[in-house]
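Asker: Let me give you the structure first, and then I'll get to my questions.
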Amino acid sequence: MLNHISINDFLPTPKYLQIYNSIVSGLENHDILPGDKLPSIYELCAHFDVAKGTVEKAYDLLKTNEIIRAVRGKGYYINHTRVGGNLKILLLFNKLSAHKKLIYDAFVERVGAEATIDFYIYNNDFRLFSDLIERHTVGYTHYVIIPHFYDQSEQAAKLINRLPKHKLVVLDKLVEGVTGNYSAVYQHFEKDLMVALVEALPLLRKYKTINILFPNNTYLPRAILNGFYRFCYEHEFEGRVLPDMEKEEIKAGNVYINLIEEDLYAVVKKVKETTFRVGEEVGILSYNETLLKELLLDGITVMSTDFAGMGRTAAELVLGDTPQHIENPFRLVVRKSL
C-alpha cells in the first residue's frame, strides 16, 4: 500500500491532500481495491517523515467522503460500499442563460439520478471562480467547467492545470495553456463563424455592410472577430465592429450580427423605429439559438452550436472516463430576418 502513496515536498499542494489524492488515484486505477487495509497513521508518519496531524487530516477527509472506514482495534480499510459508487461532480458555469440551461438539463439527464452534482455560477469573475475551485479541490470524481472570464486567462489556465486531468471536462471553449490528457467539448469559434457566414452568403449578398456587435469589456472569444474579419475580406464586404448600439443609426443595406441577447434586443428596438423591411433592406443575424428567436420578428436567423448536444457529450465523457477532445456541431438556421 505504501508504494501507491506519494508525497512531493516541492509541490504547492498540501501534504494531506497529496496523501488523499494518492489513495483516490489508486482506487481509480484499481491499484488499491475495496477491503484493502491502509497503513497506520504512525507507519505513514515514519515512512514520509510528516507530522501526525498531516496524516490524521488526510484520513479524516477520506472518512468524511466515505472512502475509508475505521475498524476499532484493527485500523483503516477501503470502504466496500463507496468504491466504484456514485459520481460526484463539480459543475461550474460562467453565467445563467437560456442556452446554458440546455447544456445543464441535457448533462443532468444523461449522467443520471445517481450522480451528485454541485452546481455553481461564477459570473465570468475569475476571483469567484478561483475561490470556488480552492474550496472544492477534493471529494469529486469529475470537474466540469465552462471557462469564460473577463480577464486573467493566464491565471485561470494555471488554476485549472492544478486539477487532476483525468477528472477534468472543459466545455464550450478551450483555454490556452491548459495541458495534459483531459476531456473537452468545445466550439471552434473562428472556423464555425466562417462556415456559417459562407453558408449564408447568398442571402448576405443583398447587403453592403456587415456589422458585428462585440462589446469592449467582454468574455467573448477574440477568435469570433478573427473569423468575421476573414469572411469580410475574402468575400469583399465592408465589415464594422460595434461596441454597442447606443449611437448607431440603422441604415438600409446593413446586416447586424449580435453575440449576446442584450444587443439583439437593442437592434430589434432600433429597427422597429424605422420603416425598413427586415430581411430585405436590413438584416439581423444572431448568435445562439433560443425558442424566443423562432418567434421574434417572425423568426430571427441564428448561428448556433448544439447546446443540448454539448451537455450530452460532456456526460458521455464523464461516464466513459476516457479523455477526448470533441468539437461540438455548429449550424446555421435561416429565418426571415436575413
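The values are calculated or read from the model by the stated rules, or taken from the named source; none is laboratory data. Note that this is a predicted model, so its numbers are computed, not measured. In this analysis, Cβ positions are derived from the backbone assuming ideal geometry, glycine residues included, and neighbour counts consider all displayed protein chains. When the accessible area is computed, the model is the full protein with side chains, heavy atoms only, and any ligands, DNA or RNA have been set aside. Shrake-Rupley method; radii C 1.70, N 1.55, O 1.52, S 1.80 Å.
Asker: Any residue in the range 204-223 that is among the aromatic types (Phe, Trp, Tyr), open to solvent by less than 20 Å² (accessible area, probe 1.4 Å), over 30 Å from the mean Cα position of the chain (by Cα) and at pLDDT 95 or above?
Answerer: If we filter the range 204-223 for residues that are among the aromatic types (Phe, Trp, Tyr), which is where we start, we get 207, 214, 219.
Narrowing the set further to residues that are open to solvent by less than 20 Å² (accessible area, probe 1.4 Å) leaves 207, 214.
Cutting the leftovers down to over 30 Å from the mean Cα position of the chain (by Cα) gives us 207.
So of that shortlist, the ones also at pLDDT 95 or above come out as 207.
For the range 204-223, residues among the aromatic types (Phe, Trp, Tyr), open to solvent by less than 20 Å² (accessible area, probe 1.4 Å), over 30 Å from the mean Cα position of the chain (by Cα) and at pLDDT 95 or above: present.
Asker: Assuming Leu132 fulfils every condition listed in (1) in contact (Cβ under 8 Å) with a residue 40 or more places away in the chain; (2) closer than 24 Å to Leu264 by Cα; (3) under 18 Å from the mean Cα position of the chain (by Cα) apart from one, which condition is it?
Answerer: Leu132 satisfies all of (1) in contact (Cβ under 8 Å) with a residue 40 or more places away in the chain; (2) closer than 24 Å to Leu264 by Cα; (3) under 18 Å from the mean Cα position of the chain (by Cα) except (2).
Asker: Being polar (S, T, N, Q) and touching a strand residue (DSSP E or B) at 6+ places or on another chain (Cβ under 7 Å) is true for just one of Thr137, Thr141. Which residue is that? Before the answer, list the steps.
Answerer: Working: Thr137 fails: touching a strand residue (DSSP E or B) at 6+ places or on another chain (Cβ under 7 Å).
Step by step, each of Thr137, Thr141 is checked, and only Thr141 is polar (S, T, N, Q) and touching a strand residue (DSSP E or B) at 6+ places or on another chain (Cβ under 7 Å).
Asker: Residues that are modelled with pLDDT under 90, within 24 Å of Pro164 (Cα to Cα) and open to solvent by 50 Å² or more (accessible area, probe 1.4 Å): does the range 40-62 have at least one? Full working, then the answer.
Answerer: First pass over the range 40-62, keeping only residues modelled with pLDDT under 90: 61-62.
So of that shortlist, the ones also within 24 Å of Pro164 (Cα to Cα) come out as 61-62.
Next, from what is left, pick out any that are open to solvent by 50 Å² or more (accessible area, probe 1.4 Å): none.
No, the range 40-62 has no match at all.
Asker: In this structure, does Glu238 turn out to be modelled with pLDDT of 95 or more and of a type in the set (Asp, Glu)?
Answerer: For Glu238, the condition - modelled with pLDDT of 95 or more and of a type in the set (Asp, Glu) - is met.
Asker: As an exercise: evaluate Glu246 against (1) loosely packed, with under 13 Cβ neighbours inside 10 Å; (2) at pLDDT 95 or above; (3) not aliphatic (A, V, I, L, M) and give the number of the one condition it does not meet.
Answerer: Of everything listed in (1) loosely packed, with under 13 Cβ neighbours inside 10 Å; (2) at pLDDT 95 or above; (3) not aliphatic (A, V, I, L, M), Glu246 misses just condition (2).
Asker: If you go through the range 300-323 one residue at a time, how many are modelled with pLDDT under 95 and either polar (S, T, N, Q) or more than 22 Å from the chain's Cα centre (by Cα) (or both)?
Answerer: Final tally of qualifying residues: 1.
Asker: While we're on this one: Quick check on my filter: what residues within the range 99-145 are part of a helix (DSSP H, G or I), of a type in the set (Val, Ile, Thr) and in contact with a helix residue (DSSP H, G or I) (Cβ under 7 Å, 6 or more places away or on another chain)? Reasoning before the result, please.
Answerer: Let us first name the residues in the range 99-145 that are part of a helix (DSSP H, G or I), namely 99-111, 126-135.
Going one step further and asking which of them are of a type in the set (Val, Ile, Thr), we end up with 103, 108, 111, 133.
Scanning the range 99-145 gives Ile103, Val111, Ile133.
Asker: Filter the range 279-293 down to the residues that are under 25 Å from the mean Cα position of the chain (by Cα) and not in a loop (DSSP other than H, G, I, E, B) and list them by number.
Answerer: Restricting attention to the range 279-293, the residues satisfying the condition of being under 25 Å from the mean Cα position of the chain (by Cα) are 285-293.
The answer is Leu285, Ser286, Tyr287, Leu292, Lys293.
Asker: What single numbered condition from (1) touching a strand residue (DSSP E or B) at 6+ places or on another chain (Cβ under 7 Å); (2) at pLDDT below 95 fails to hold for Glu261?
Answerer: Unmet for Glu261, out of (1) touching a strand residue (DSSP E or B) at 6+ places or on another chain (Cβ under 7 Å); (2) at pLDDT below 95: (1).
Asker: Please determine, by comparing only the residues of the range 99-147 that are among the basic types (Lys, Arg) and over 21 Å from Val185 (Cβ atoms), which one is least open to solvent (accessible area, probe 1.4 Å). Write out each step before concluding.
Answerer: From the range 99-147, those among the basic types (Lys, Arg) are 100-101, 110, 127, 135; that's our starting set.
The next check asks that each one be over 21 Å from Val185 (Cβ atoms); those that pass are 127, 135.
Values: Arg127: 176, Arg135: 139 Å².
Once the filter is applied, the top-ranked residue is Arg135.
Asker: So which residues in the range 249-300 are open to solvent by less than 20 Å² (accessible area, probe 1.4 Å) and among the acidic types (Asp, Glu)?
Answerer: Correct list: Asp263 only.
Asker: Turning to a different aspect of this structure: Select from the range 86-103 the residues that are under 12 Å from the mean Cα position of the chain (by Cα) and either basic (Lys, Arg) or under 19 Å from Ile133 (Cβ atoms) (or both) and list them in ascending order. Steps first, answer last, please.
Answerer: Looking only at the range 86-103, we keep the residues that are under 12 Å from the mean Cα position of the chain (by Cα), and these are 90-95, 100, 103.
Within the range 86-103, Leu90, Leu91, Leu92, Phe93, Asn94, Lys95, Lys100 qualify.
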